[in-house]
Structures are given as structure tokens and as C-alpha cells.
1. Would you please give the residues with an amide H less than 5 Å from that of Gly96, counting only those at least 5 places away or on a separate chain, with H modeled from the backbone geometry?
2. Decide, for the stretch 2-187, between rounded, prolate and oblate: order the square roots of the alpha carbon gyration tensor eigenvalues as a ≥ b ≥ c, take rounded if a/c falls under 1.5, and otherwise choose prolate if a/b is larger than b/c, else oblate.
3. Rounded, prolate or oblate: which one fits the stretch 194-386, using the alpha carbon gyration tensor with axes a ≥ b ≥ c (rounded when a/c is under 1.5, else prolate when a/b beats b/c, else oblate)?
4. Between Arg210 and Arg245, what length comes free when the chain is fully extended (0.36 nm per residue of separation minus the Cα-Cα distance, one decimal in nm)?
5. Skipping prolines and chain starts, which residues have an amide H placed within reach, meaning under 5 Å, of the one on Tyr40, given they are 5 or more residues away or on another chain?
6. Once phi is turned into θ = phi - 60°, what whole-Hz ³J(HN,Hα) does the Karplus curve with 6.51, -1.76 and 1.60 give for every residue of the stretch 143-156, x standing for Gly and Pro?
7. So if R0 is 60 Å, what FRET efficiency would Arg54 and Ser225 give, r being the distance between their Cβ atoms, rounded to the nearest 0.05?
8. Pull up all non-local amide H partners of Arg146: gap of 5 or more, or a different chain, and H-to-H distance under 5 Å with H placed in the peptide plane.
Amino acid sequence: MNTNSEKRDHRDADATAEQQITLRGPAQLADALPYLMGYYPNDSVVMVALHGRRGRFGGRLRLGIPKSPQEWAPVASHLAESLVANSERSSSRPDGILVFLCQDPADGATGREVMERLRAFAQRLRTACGALDVPVLEALCLSDGRFWSYCCPDGRCCPPEGTALALPGTSVMAAAAAYAGIQVRGSLREMEARLAPCPQQPAVLHARVRALDAAGSTVVPRILSDSGRAQVCAETLDLARVLIRRLGRSPLPRGSWVAADRADDELISDEEAATVIVGIQDRDTRDRAAEWMEGPEAACALRLWRLLARRCVGPYDTYAAPPRTLAGWVAWSTGDEAEGRVALGLALQADPEYTFAQLLHQACNEGLDPEKLRVCLRGERSARTVKARPRPGGRGARRRQVTARARRAARGSAGEPGESGGTETGPRGARPGVRPRIRPTDRAEGAGPGPMPVRPGARPRETPHRARRGTRSGR
């Protein structure tokens, strides 16, 4: 099996300038899995497509292992069909498939017991791939620091008690990954924990729910009204910008990700978090927030979206879809495809019908370049900037014209000659040589509709006449 040591190895494996390594045998394949995924998959089935005579790595997919054995047959068929179809869409039909079943034993169980229990699932996967004329060249079970092969009957290389995995950082793949700058950020469970509510004391949870209740009763009616929606968008983005700058001024503590997330949580109050969480449920506000996707602000924006996802507790768990989607988009845009896939998958768990997450998740899994979406978002930002500039003959120009006429009138009342050789008469009550003060007309803010009763956890929906073709309300 061949794999490239570049970060985007599966995108351009045929380039002669790239360094390649060869993986031989089940042991090296098992050691390479975390570097293929970018993390250690827990409770997951991973399938990798192989192309060509030398088995070049292609597309891959991951799914949580179904708990019920009754689901194994349909899930196996769906996974095989999805991997083959996606491979054909992106490059070519795979010539083979690798299967990895990763699950740690429960308390009191052993890795060998896990291997035996998942043997039927591995056989279902092999049968489903074979039905598509794509053979499974190797199927491995990784559990409790050891691996077993479902395909190798030779007990000399694959003993019944399993084979111990190599120590982290000592395998051939680890050396190539270190040379290429690829890092394994930890386990899948740890990455998901950064985007999920943390176990808290009941008083803390109740305070966060109350903050979300208050923000919902105030913000949601304004989002649903035409007169207040734009103002809510501006206020939400202004507050989010303040929070991003606050996070940027606070350096991350050295150590584990737990300490870093705890430090971020201490910087933002429940009320501030709740206001932004409810505000980005609006589609236009969320799209504007997605523009913090590159440059120095992207890292701080990613920290904010993670934090907001952790604050969606109680009946507001579905509110986590927008911040998780934004976290996945920023991670993918900045080159971290692994975290992007995890975050987008969690967004779809919170709301399976969330269209923005569906589109990004599909694009990320198909290996598309995020630059196309970045160009689109930059264009929208530039269009707003041009639209916000004063137009010729607009209010600003008319005000300058009025000021210029008043200045000429003041000079005329002081005895300065006019253009026709005479004197210009100044405005009534103007003193000679004094520039009159032009006051803009005061505008009275109309009273909007009063607060509407909002069910806790109910997400605001966009009014139908503002929806765009091909999109769903609030998606």
C-alpha cells in the first residue's frame, strides 16, 4: 500500500515530486490509521478506498458502529455504496477497500471479546463490498491497544490473542507524518467533547438555560419581524466581534485542550453567549459570521464557535447546529479537514435537516477545495462594502451641497462679490460672516411589536417571502 507524506496526500498522489512511503502488512496499516484520519477513531468503522496496482489511498469514510446487530446489514450496504459512488464521482472506481473496526472494550471485557462480537459486522462489510465487485483486501479490528485481522488465517503473523500496536510516534507512518508536519490531535471522543456541553453543576446549567430563555424571548420576535431583523444581525455580529477580540487578547494556556477550553469559558458570560447563539440562528447573520474564515481572526472565531456549541444545553440542544457548522467551516477553511468533518457531523446530529451543514459536510467529504466558497463569501462582503458607500447625489452629497450653498451665502452677506458681480443675499436671520449650522432631520424610531411568547428551545424561522430559491428557512 502506498501513501503520500504530504498533508493532502490523497489529492495528488501521482505527482512525481511528492515523497511516497510503502505500508506492508496489517501492522503498518493499523499504525497508519490515526494519520489517515487525523485523530484516533473511537467506536467507529472506517473504510478506505484503494486505487491502482500499488494500492494508492483514495477516499475514506467513517461512521459510528451501530449498537444493534440488526442494523449491521443495511449499514454495511449503505457504507459500501457510498464509498464506491463518492470515489467514482471524485476520481475513479476503487480497486480495493480497507476496513477498520475500532472500539475499546467495556469495563470487565477484553479486546478479543470485542473482536469476536464485531466479526459478523466485518463479514457484512466484506459481503457488501464484494457485491459491488470491489474486494476488501484487509479488515482489521483495533481494540485495547491491539489489532486482529479478519482476513489473515495465518496464526504466525496474526495470532488469536492479537498483536500489540506500535508505540505512538515509532512507526514508519509516524516518521513520514512528522516530516510532513501532520499532527494527530487526539481521539475522536476528545474532539467531539470540545463541541458538546460539559458536565456542570445543576446551578450552572439552570443559569445557562435561563440566559437562553431571556435571549430567546427578546431576540426571536425581532428576528421574525422585518423591521428588527437587520438590527439584530448587526447587534449580533458586533457582539461576536467583541468576543473574538477578547479571546484574541487572552493567550491560550499551555497544556491540554481541557485547560484551554476552560480558560475560554471563563472569558464569556452566559448572557453574552446566549445572545450570540440565538442571533446566529438567523440565516443571514450566520452567513455573515462565516466570513471570519481566514487570517488571524479565524483561530479566535473557531474558539468562539466551539464555546457557543458547548453552551447549547437543555432544551436548546438543537441550537448547537449553527455554531458547530461555523466551527466545521472555519476548521475546514484553515486546513483542518479532520476537525471540520467532526464538527459538521455533530451539527447534523443536532439538526439532521440543517442545509448549510449538509452542503459543507458533503463538500468536505468529497475533497472539494474550500477556496471556492471563500471567494463567494469575499464577494458578498465586497458587495456590501460598495453598497454602503455614499452614492453620487445621495444624502451625503446633498448635505455637502447645502453646506456649500450656505457657505457662499455667508460670504455674500459679508459683502463679498457674487458670481454676477453683485452681492448674494444670505439666509434669513444669518449673521454676516457666520457659517450657518445645518442640522440633519431627526428620525424617530418606530415602536416595533411587543415581545412574543417563545417556547424554550424553539428556533426562529425566517419569514417565507425572504427565503431564497433552493434554500430552506433558517438554513
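1. Result for Gly96 returns Leu50.
2. Because a/c hits 1.5 or more and a/b fails to exceed b/c, the stretch 2-187 counts as oblate.
3. Because its axes are fairly even, with a/c under 1.5, the stretch 194-386 counts as rounded.
4. Once the chain is fully extended between Arg210 and Arg245, it gains 10.0 nm.
5. Residues meeting the amide H criterion: Gly186, Ser187, Leu188.
6. Per residue, the Karplus-derived 3J(HN,Hα) values read 7, 6, x, 9, 9, 10, 9, 8, 10, 8, x, 7, x, 6 Hz.
7. Working: r = 62 Å, r/R0 = 1.03.
Between Arg54 and Ser225 the formula returns 0.45.
8. Residues meeting the criterion, in which the H sits 1.01 Å from N, are Leu165.
Every read-out reported here was derived from the displayed coordinates using simple, explicitly stated rules and does not represent laboratory data. Because the structure is a prediction, the values reported are computed rather than measured. No Cβ is skipped: glycine too gets one built from the backbone with ideal geometry, and neighbour counts run over all protein chains shown.
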